[in-house]
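Note sheet for the following structure.
Derivation of every value follows stated rules applied to the coordinates shown; laboratory data play no part. Computed from a predicted model, the values in this text were never measured in an experiment. Here the Cβ positions follow ideal geometry from the backbone for every residue, glycine too, while neighbour counts run over all protein chains shown.
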């Protein structure tokens, strides 16, 4: 059976949702093997089995946490050389893409980043779909050299459960001194907000310049809908909301079921981050705002009035 | 401190970007090009570091003839010299081949720090800095939202998906910076005039000992089988708030089963 490697994205053993999506996609291509680097594999094993991982390769080395990216790329390269998988799937996260880039050079293989879909092509090899140029074009591609290395965006597929054996195989990896040059001297976990994570949420409520810096109405509606909160670049540049919530070309790309943009004009850089959302709704005072060209439903009005009323209405309907 | 800053000439993101029908490469002729906005942050950081000590900034670009415009912009901002790697064989190169050409060019230059933007505004892969560190065998200190250089130590703040990290390394290092670093300066009139006299060397693949069959579309390790224009979203219903805008909004959300 064709083996597909999936690099597990986790925080001390707590597996992040995109990994389950990768396992789901991997099953279309062959038999998924999870690759767990770092500590906490015992905690992760059951959830990896629940999404179909037949094998779980485990390697732990202090270098994975102490140094940036390079040690993980080295360990993964050693596994690719020994296991000769048919493909490697990695989450399109900050670290994931850089690990993939280094891996591609090491094992002299082709790399495709930010896939929004992966299927088995006519020859059985992975065929990817990417969304490019601010979401205005889609590209179908495949790797033509070596072991296909593919990074996949969050929400490419709904995670589907399937029982896998998840038999653990301990890996012996050797991390070179050359990979231990960029030291992580401090790591601060981001504070939990109690809301879904932006890139994983089914609904996102975003605020722009029109909020005037008051995110109260945005957060209240988000909480009523069980949504994540997003922000435009103008908001982040003004220091009104943290950068980790920025949606757009240089922030996060989201593709939720529902994207609600309030007080956001809809510049191309913002559209790049949300244009592939299934349903788009906007509230803006300016009826000429470009965001209205994209929406399924729009309200021309002041978000400080429309959003609180909508929040009350949602809460009323929820009873 | 010797800094090489890598820049890319890209089609203007505000224009109607498209692909060449014949080979699925980015159409670079039908659209005005410019220095990638995200690379301006790298130029700015390079100049800031150089000005704080006894530094010198060289700007490096791989690309067709028009890429000289991107180099000139960086020279106008304050870089002292430029290197333009241009060769017809490079057309259609993927990130793997581009990083090879950049690495070979960097090896010919004298450097302590290689500075890059976080991604190009056209390909947007964001992997070239990591690939350069891999190829050059030096530290990767990437995606810095803040950058500080003290002596031979570089330090960044890296905003990851779940945590914020402080990452430190000794030079030589490949550093990339995000758009959270300070906005780039505008070239001054004096800078624009001075740039005209600054040297720009043009190198071909032969100058870098890179075989032409290792780059370009034919050497690409992935192949595009189709590009499609996404059908434009159709504009839906727009209502004006007359005191009931919030209720109407929720009524719509209810029809779509979100409430």
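Things worth noting here:
- Value at 222 nm in deg cm²/dmol, rounded to 500, when DSSP H runs of n ≥ 4 in the protein assembly as shown each add -39,500 (n - 2.57): -8000 deg cm²/dmol
- Taking all Cα-Cα distances within the stretch B:40-151, those exceeding 16 Å account for 61%.
- A Cα-only calculation for the stretch B:112-208 places Rg and Dmax at 15.9, 47 Å.
- Note that the stretch A:1-128 shows a convex hull volume over its alpha carbon atoms of 95 Å³ per residue.
- Calculated over the stretch A:264-310, the projected area of the Cα convex hull averaged across directions stands at 3.3 nm².
- Using alpha-carbon coordinates, inclination of helix B:245-255 to the longest axis of chain B, degrees: 90 degrees
- The convex hull around the C-alpha trace of the protein assembly as shown, projected and averaged over every direction, spans 26.0 square nanometres.
- Over all Cα atoms in chain B, the spread is summed up by Rg and Dmax: 21.5, 70 Å.
- Ranked for footprinting exposure by Cβ neighbours inside 10 Å, fewest first, A:288, A:293 give A:288, A:293.
- Between 0 and 90°, nearest 10: helix A:41-50 axis offset from chain A longest Cα axis: 70 degrees
- Fraction of beta bridges assigned by DSSP in the protein assembly as shown that are antiparallel (%, nearest 5): 35 percent
- By other beta-carbon atoms within 10 Å, ranking A:143, B:141 with the fewest at the front produces A:143, B:141.
- Whole-number Å³ per residue for the convex hull built on Cα positions in the stretch B:108-161: 106 Å³
- Cα-based Rg and Dmax for chain A, where Dmax is the largest Cα-Cα distance (Å): 21.0, 61
- Residues A:4, A:203, B:238 arranged by fewest to most Cβ contacts within 10 Å: B:238, A:203, A:4
- With Cα atoms, 0 to 90° folded angle of helix B:37-52 axis to chain B main axis: 40 degrees
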